[in-house]
Amino acid sequence: MRQTIRQKSLPLNREKWRQIVEVAEAYSRQKDAFLVEYAQVKSLKDLGYKRRIRDERVAAGFVSPFGLQARQWKLALEDALWTLERQWEAAIAEVRDRLHRNEGLTPKERDYAFWLLDKFGDRPRDWRKIEAIFRDEDLAGKKTELEPAGRKKVRHGLKRLFRRVLGKRPRVKKARSFVVDQQMYRVFMVGNRQYVAVMGLSPGKRIVIPLSGIHKLRGNLRVVLLPDEQAVEIHMSREPKTYPAGEEEAGIDLGVTEVLTDDSGKKYRPEYGQALQEMSDHVLDKGRKRQKLWALYRKNRERDPGKARRIRRHNLGLVKQHKRHRRYRAWCENEINRAFRAFFRERRPRVIAYEDLSHLRGKARNKGLSRKVSQWQRQAIRERLEYLCHVYSITDPGPVNAAYTSQTCPCPGCGWVDGKNRNGDSFRCQKCGYEGDADHVAATNVKGRLRDQEITKYTPHKEVKRILLKRYWENHA
C-alpha cells in the first residue's frame with residue numbers, strides 16, 4: 001500500500017503544453033500497443049517476468065513506432081504489464097469470492113479450485129496455473145486428491161467464471177498521463193519557485209514545468225494532464241508512515257447523511273450528507289433544464305438551424321458541468337477522508353467490521369436516495385478505508401454480512417428482527433421496547449457479526465433472517 005503525493009503545476013504556455021501532449025499521446029499509443037500484444041492468455045506466463053520481456057525487446061533492437069525514446073517505451077511496457085496484472089488479480093479475487101458462494105462444489109473440488117487460484121506466501125504468483133485453466137491443461141499438486149475428471153470439471157467451471165468477470169481487455173482510449181523515472185527528469189529551484197524538467201520526444205531536450213509548490217521529488221513520477229487548466233499534476237508514490245494497532249474491535253455503519261456511525265453511537269462528518277444532497281439536487285435540476293433545451297434544439301434543428309446551433313453551443317456544453325461535478329467530488333472525498341481519519345485517531349481499533357452497501361446502487365425505492373446512492377463515493381470510501389487500515393496496522397476481515405443489521409434489536413436478551421423495528425433514523429424494538437438510533441444499532445450488530453460462526457459473509461439474506469428468528473425463539477422458549 002503506497003501513498004500518492006500530488007503536486008500541481010502552474011498553467012503552461014502553448015508550446016510547452018503542445019510538447020507535453022505529444023509525449024502523453026505517444027506514450028499512450030505505445031502502452032495501448034503493448035496492452036493489445038500481451039492481453040492474450042498465452043502471455044500470462046510472462047507477467048511474472050517483466051524484466052525479461054524488456055531485455056528480450058532490447059536484444060531484438062526494438063524501436064518505438066510512435067517516437068518514444070528508449071527509456072520511455074520501457075516504462076510504457078512496464079506500465080502496460082502492471083495494468084494487465086492488476087486486471088487479472090482483480091478477476092481472480094472476484095472468482096474466489098464467487099467460489100465461496102457456490103455450494104455446488106465438493107470439498108475436494110473446492111480445494112483444487114483454490115489451489116489453482118491461490119498465491120502462496122510472499123512468492124510471486126504462478127501464472128501457469130491460470131493459463132492451464134484456459135488451455136485445459138491438467139495440473140495437480142502433491143496434495144491434490146481429486147481425480148482427473150473432477151479436475152477437468154473444476155477447470156471448465158473456473159474458465160466460465162473468468163469469462164464473466166474479466167470483461168473487455170484494458171485499452172488506452174485517451175492520452176491522460178505518462179511516467180518518467182529518476183533519469184528522465186531534473187528538479188531545480190529558481191528563487192522561491194520549484195521546477196521539474198522532464199524528457200520529451202526530442203533527444204537532449206527537456207520540457208521545463210513550473211510547479212505551484214515545493215516538494216522533494218524522487219523515484220518514478222507520473223505526469224497527469226489537466227486539459228481544462230492547461231496544466232499538469234505530478235504524482236509521486238511512497239510508503240506511508242505506519243502506527244501500531246490498538247486493542248479493541250469496532251463496527252461501523254456507512255451512511256448517506258454522514259460518512260459513518262460507529263458502534264459507540266458517534267456520527268462522523270454529517271457535512272457529507274449536505275454535500276450529497278446538494279449534488280443530488282443539482283443533478284436533478286440541471287437534468288430537467290437540459291432536457292428542455294435538448295427538446296428545443298431538436299425542434300429547431302430543421303426549422304431554424306442557426307438557433308439550434310446557438311442553443312447547443314452556448315447552453316448544452318459540458319465544461320461547466322464537469323467542473324462543478326469535480327468540485328462536488330472533491331468536497332465529498334474531503335469529508336470521507338476527514339471522517340475516517342477522525343475515527344481511526346479516536347478509536348485506534350485492532351479489527352474493523354463494516355458492511356457492504358454496493359448492492360443498493362440503483363435499487364433504492366426512493367428516487368432521491370437512489371440518486372444519492374448512485375453518486376456515493378464508494379471507490380473513495382473503499383480506497384480510504386484500505387489505506388488507513390494499512391497505516392494503522394489494522395486487520396481488515398472484509399465486509400461482513402449486513403443483512404437485517406438495522407432491523408435487529410441489539411439487546412443481548414432480545415435479538416428480535418422485524419422491519420417495523422426501524423422507522424427512518426429511529427429504532428424501537430417491537431418486543432422489548434428498546435429505543436435508539438438506527439445507524440448506531442446497525443453498527444453494533446455489524447460488530448457482532450465478526451464473531452458469528454453461523455452468519456458468514458456469503459449467507460443468503462433469507463437464511464440470515466431464519467437464523468435470527470430461530471435464536472430469538474430459542475432464548476424465549
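The values are calculated or read from the model by the stated rules, or taken from the named source; none is laboratory data. For clarity, every value in this text was computed on a predicted model and none was experimentally measured. Here Cβ is always computed from backbone atoms with ideal geometry, including for glycine, and neighbour counts include all displayed protein chains. Quick note on the areas: whole protein, heavy atoms, side chains included, nothing else; ligands and nucleic acids left out. Shrake-Rupley method; radii C 1.70, N 1.55, O 1.52, S 1.80 Å.
Just give me the residues in region 206-241 being assigned to a loop (DSSP other than H, G, I, E, B), open to solvent by 70 Å² or more (accessible area, probe 1.4 Å) and more than 27 Å from Glu15 (Cα to Cα), in sequence order.
Passing the criteria: Glu239, Lys241.
Can you find a residue that is without any contact (Cβ under 8 Å) to a residue 12 or more places away in the chain and surrounded by 16 or more Cβ atoms within 10 Å (Cβ to Cβ) anywhere in region 108-116?
Yes, region 108-116 contains a residue that is without any contact (Cβ under 8 Å) to a residue 12 or more places away in the chain and surrounded by 16 or more Cβ atoms within 10 Å (Cβ to Cβ).
For (1) under 23 Å from the mean Cα position of the chain (by Cα); (2) in a loop (DSSP other than H, G, I, E, B); (3) in contact (Cβ under 8 Å) with a residue 24 or more places away in the chain, each residue gets a yes or a no:
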{"site": "Thr257", "(1), (2), (3)": "yes, yes, yes"}
{"site": "Leu276", "(1), (2), (3)": "yes, no, yes"}
{"site": "Lys292", "(1), (2), (3)": "no, no, no"}
{"site": "Leu296", "(1), (2), (3)": "no, no, no"}
{"site": "Asn337", "(1), (2), (3)": "yes, no, yes"}
{"site": "Phe343", "(1), (2), (3)": "yes, no, yes"}
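Being in contact (Cβ under 8 Å) with a residue 60 or more places away in the chain, under 30 Å from Leu116 (Cβ atoms) and open to solvent by less than 50 Å² (accessible area, probe 1.4 Å): is that true of Val23 here?
No.
Go through region 332-347 and give me each residue that's of a type in the set (Asp, Glu) and surrounded by 21 or more Cβ atoms within 10 Å (Cβ to Cβ).
Passing the criteria: only Glu335.
Check whether at least one residue in region 89-97 is touching a residue at least 40 places away in the same chain (Cβ under 8 Å) and of a type in the set (Lys, Arg), and report yes or no.
So far as region 89-97 goes, no, none of its residues is touching a residue at least 40 places away in the same chain (Cβ under 8 Å) and of a type in the set (Lys, Arg).
If we scan region 426-440, do we find a residue that is touching a residue at least 40 places away in the same chain (Cβ under 8 Å), in a loop (DSSP other than H, G, I, E, B), touching a helix residue (DSSP H, G or I) at 6+ places or on another chain (Cβ under 8 Å) and open to solvent by less than 50 Å² (accessible area, probe 1.4 Å)?
no
For the list (1) under 30 Å from Asn401 (Cα atoms); (2) touching a Leu at 6+ places or on another chain (Cβ under 9 Å); (3) not in a strand (DSSP E or B), I need the number of the one condition that Thr261 fails.
Status for Thr261: all satisfied but (3).
In region 406-427, is there at least one residue being at pLDDT 85 or above and closer than 30 Å to Met1 by Cβ?
no
Just a yes or no: is a residue in region 445-459 open to solvent by less than 90 Å² (accessible area, probe 1.4 Å), touching a Leu at 6+ places or on another chain (Cβ under 9 Å), assigned to a loop (DSSP other than H, G, I, E, B) and of a type in the set (A, V, I, L, M)?
Yes, that holds for at least one residue.
Among the residues of region 217-258, what is the count of those that are in contact with a Leu (Cβ under 7 Å, 6 or more places away or on another chain) and not small (Gly, Ala, Ser)?
Residues meeting the conditions: 11.
Can you run down the residue pairs with Cβ atoms below 6 Å, 6 or more apart or on separate chains, where the first is in region 390-408 and more than 15 Å from Tyr458 (Cα to Cα) and open to solvent by less than 20 Å² (accessible area, probe 1.4 Å) and the partner is basic (Lys, Arg) and assigned to a loop (DSSP other than H, G, I, E, B)?
Pairs found: none.
From the list Pro412, Pro460, which residue is within 20 Å of Gly265 (Cα to Cα) and of a type outside the set (Val, Ile, Thr)?
Pro412
Check whether at least one residue in region 75-84 is in contact (Cβ under 8 Å) with a residue 60 or more places away in the chain, over 30 Å from Glu22 (Cβ atoms) and either in a loop (DSSP other than H, G, I, E, B) or among the charged types (D, E, K, R) (or both), and report yes or no.
Checked against the condition, which is being in contact (Cβ under 8 Å) with a residue 60 or more places away in the chain, over 30 Å from Glu22 (Cβ atoms) and either in a loop (DSSP other than H, G, I, E, B) or among the charged types (D, E, K, R) (or both), region 75-84 yields no hits at all.
Residues are listed down the side, and each one gets a yes or a no for (1) of a type in the set (D, E, K, R); (2) open to solvent by 70 Å² or more (accessible area, probe 1.4 Å); (3) touching a Pro at 6+ places or on another chain (Cβ under 7 Å):
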| residue | (1), (2), (3) |
| --- | --- |
| Arg123 | yes, yes, no |
| Ala132 | no, no, no |
| Lys173 | yes, yes, no |
| Gln183 | no, yes, no |
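Determine if region 62-72 includes at least one residue that is within 30 Å of Arg123 (Cα to Cα), out of contact with any Asp or Glu (no Cβ under 9 Å at 6 or more places or on another chain) and in a helix (DSSP H, G or I).
yes
Looking only at region 306-330, filter to residues that are in contact (Cβ under 8 Å) with a residue 40 or more places away in the chain and open to solvent by 70 Å² or more (accessible area, probe 1.4 Å); which one of those is farthest from Gln291 (Cα to Cα)?
Looking at residues that are in contact (Cβ under 8 Å) with a residue 40 or more places away in the chain and open to solvent by 70 Å² or more (accessible area, probe 1.4 Å), I get Arg329.
Here is a list: Leu201, Leu161. Which entry is in a loop (DSSP other than H, G, I, E, B), farther than 21 Å from Glu37 by Cα, open to solvent by less than 60 Å² (accessible area, probe 1.4 Å) and touching a Leu at 6+ places or on another chain (Cβ under 8 Å)?
Leu201
Could you please find all residues in region 134-154 being free of Cβ contacts under 8 Å to residues at least 40 places away in the same chain and either open to solvent by less than 60 Å² (accessible area, probe 1.4 Å) or within 18 Å of Leu166 (Cβ to Cβ) (or both)?
Asp136, Leu139, Ala140, Gly141, Thr144, Leu146, Arg151
Take region 249-269 and flag every residue that is surrounded by fewer than 20 Cβ atoms within 10 Å (Cβ to Cβ) and modelled with pLDDT under 90.
Val256, Thr257
What number of residues within region 397-413 satisfy the criterion of being touching a strand residue (DSSP E or B) at 6+ places or on another chain (Cβ under 7 Å) and either polar (S, T, N, Q) or more than 23 Å from Arg101 (Cβ to Cβ) (or both)?
4
So which residues in region 34-60 are open to solvent by 40 Å² or more (accessible area, probe 1.4 Å), assigned to a helix (DSSP H, G or I) and not charged (D, E, K, R), if there are any at all?
If the condition is that a residue be open to solvent by 40 Å² or more (accessible area, probe 1.4 Å), assigned to a helix (DSSP H, G or I) and not charged (D, E, K, R), then Val36, Val58, Ala59 are the ones that fit.
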